[in-house]
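The values are calculated or read from the model by the stated rules, or taken from the named source; none is laboratory data. Given the structure is predicted, the values throughout are model-derived calculations rather than measurements. Cβ: placed from backbone, ideal geometry, glycine included. Neighbour counts: every protein chain shown. The protein model used for the area step is the full one, side chains on, heavy atoms only, and it has no ligands, DNA or RNA in it. Shrake-Rupley method; radii C 1.70, N 1.55, O 1.52, S 1.80 Å.
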Amino acid sequence: MDPAARRQAVAEAVFRVVVRDGVEQASLRNVAVEAGLAIGSIRHYFDSHDDMIIFAVEALIHSTEQRVFAHVRSLPDRSDPRRPAERVLSEVLPLDDRRRDEAVLWLAFVTAARTRPSLVPHAERLYDGLRMLCRRALTVMTEAGTIGATHDVDLEAERLASLLNGITVDGVLHPDRMTPELTVSLLRRHLDSLR
């Protein structure tokens, strides 16, 4: 198998273990079992457990960024700038199985970064990326006149990112309460409140 494809297959095995059992259970041995590989095969592609986990975090960031940036191109829709912004921002919320799993992974990895210094730069990249996305969406809406020019875009981006983080945590921990319908309603209400 192509080395890049094998590393990606291992990252996907890490994702399955973390979603099901948590970061603590994503050992080389458990990931090897999940991937259907010998532990020596994992060690052939990754120098250490940390190297494997960091690769998985980077793979998560990359796949999420690719999907979100595909939607960012639709932001300059001047006919109704709120709808494209809502679509883009919804990509980081747990609205379906795939995005819920990504949210579980995000939460697991950023929580693990609290005690694993090697994960801190990657957790900060996730943190900064969400704020950049919020700032971009709000800037486009401000330029289109959808939200008032009197708003401090940087402050509103922080507020919006905090709202999205809270919704995501609730959606992961209490999916029966923070339903996809409620999630979208809260985002829509917040964007409407900026008019």
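Report the full-extension gain for the segment Arg73 to Glu124: residue separation times 0.36 nm, less the Cα-Cα distance, to one decimal in nm.
15.9 nm
With every protein chain present, what is the per residue accessible area of the chain (1.4 Å probe, Å²)? Walk me through the intermediate numbers first.
Details: 9990 Å² over 195 residues.
About 51 Å² of surface per residue is accessible.
Over the chain, with every protein chain in place, what whole percent of the accessible area is carbon and sulfur at 1.4 Å, could you tell me?
53
Over the stretch 87-178, what per residue volume does the convex hull of the Cα atoms give, in whole Å³?
98
If you average 1/r over all unlike Cα pairs in the chain and invert the result, what Kirkwood radius do you get in angstrom?
Its Kirkwood hydrodynamic radius stands at 17.8 Å.
Over the chain, what is the mean sequence separation of C-alpha contacts under 8 Å (at least six apart), divided by residue count, expressed as relative contact order in percent? Could the numbers behind the result be given before it?
Numbers: 179 pairs, mean separation 37.1, N = 195.
Relative CO of the chain lands at 19 percent.
Can you give the net charge of the other residues whose Cβ lies under 15 Å from the Cβ of His122, counting K and R as +1 and D and E as -1? Working shown, then result.
Working: positive: Arg114, Arg116, Arg125; negative: Asp50, Asp51, Glu58, Glu65, Glu102, Glu124, Asp128.
It works out to a net charge of -4.
If R₀ is 22 angstrom, what is the calculated FRET efficiency for the pair Met1 and Ile39, using the beta carbon separation as r and rounding to 0.05?
0.85
First select every other residue whose beta carbon is under 12 angstrom from the beta carbon of Arg16; then total the charges, Lys and Arg +1, Asp and Glu -1.
Net local charge, Arg16 excluded: -3.
Output wanted: per-residue J couplings in Hz (rounded whole) for the stretch 83-90, from phi through Karplus 6.51 cos²θ - 1.76 cosθ + 1.60, θ = phi - 60°, x for Gly and Pro.
Going residue by residue, I get 4, x, 4, 4, 4, 5, 5, 5 Hz, with x marking Gly and Pro.
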